[in-house]
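What follows is calculated from the coordinates using simple rules that are stated; it is not laboratory data. Computed from a predicted structure; not experimentally measured. No Cβ is skipped: glycine too gets one built from the backbone with ideal geometry, and neighbour counts run over all protein chains shown.
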Amino acid sequence: GEKVEQHESTLSVREGDSAVINCTYTDTASSYFPWYKQEAGKSLHFVIDIRSNVDRKQSQRLTVLLDKKAKRFSLHITATQPEDSAIYFCAASKGTNTGKLTFGDGTVLTVKP
Amino acid sequence: ETAVFQTPNYHVTQVGNEVSFNCKQTLGHDTMYWYKQDSKKLLKIMFSYNNKQLIVNETVPRRFSPQSSDKAHLNLRIKSVEPEDSAVYLCASSTPGGPDTQYFGPGTRLLVL
């Protein structure tokens, strides 16, 4: 089955700097790649996603890049703020009607003031 | 704004007891999911239902059984809980017909003594 590896288990940046979280996946059939944010004591909150028909998607300070050849995708956060501190999960899903998400293990992002 | 509701928030029980968790979504989605998040924050899909029909059943112990009365509700019953069932159980929903954004509920935290 699909395996998603999230390369950074922890990441610490200074406020205003950029943060990059990298993920790789194994199944070439995967075509949908969402990112979720989980703040302390809270549930998962959708932040951004990308589908395999594009290689870049931006939403305000967030950009997702997808490299299908390398089976790699990444989340870029610019101008980080303390409220960006959270666990970020990447995930992958195939283009089927199950919609099943396979998650990475999460990256704890800390933005220091 | 919460649109996926879960009850209870928290449940403490003893080994061997039966527990039941409820999930309701008001998004009009046809597909609902149960995920388990363990103490290390790792997320694993358990079940997926599309319009009251089971479409994904990962390798979970047989003491776990999902129940759906209609497409807006997906409950989870655990017969004879064990200590390793202690976790947060997250319900999610999405539109059908392929991978799409999944919206998560606040979770039910289960502690098995």
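For the residues of B:28-39, the average number of beta carbons from a partner chain within 10 Å of their own beta carbon is 2. Taking the alpha-carbon centroid of each part, what is the distance from segment A:19-44 to segment B:1-50 in angstrom? What the calculation gives is 19 Å, centre to centre. If you take all other residues with their beta carbon under 12 Å from the beta carbon of residue B:47, and give Lys and Arg +1 and Asp and Glu -1, the sum is +3. With 22 Å as the limit on Cα-Cα distance, the pairs of A:100/B:24; A:42/A:68; A:37/A:112; A:100/B:71 that go past it are A:42/A:68. Can you tell me which aspartates and glutamates have their Cα less than 14 Å from the Cα of residue B:36? Leave out same-chain residues fewer than eight positions away. Hits, sequence-local ones excluded: A:105, B:58, B:84, B:85.
Each Cα pair under 8 Å and six or more residues apart adds its separation to the average, and for segment B:8-63 the resulting relative contact order is 21 percent. Considering only alpha-carbon pairs that sit under 8 angstrom and 6 or more positions apart, the relative contact order computed for chain A is 37 percent. The value of relative contact order for chain B, using C-alpha pairs under 8 Å at least six residues apart, is 37 percent. Peptide A:40-46 has a mean shielding of 5, counted as Cβ atoms of other protein chains within 10 Å of each residue's Cβ. All other residues whose Cβ lies under 15 angstrom from that of residue A:104 are scored, Lys and Arg at +1 and Asp and Glu at -1, for a net of +1. What net charge is computed for the residues neighbouring residue A:49, neighbours being all others with C-beta under 13 Å from the C-beta of residue A:49, Lys and Arg scored +1, Asp and Glu -1? Once positives and negatives cancel, what remains is +3.
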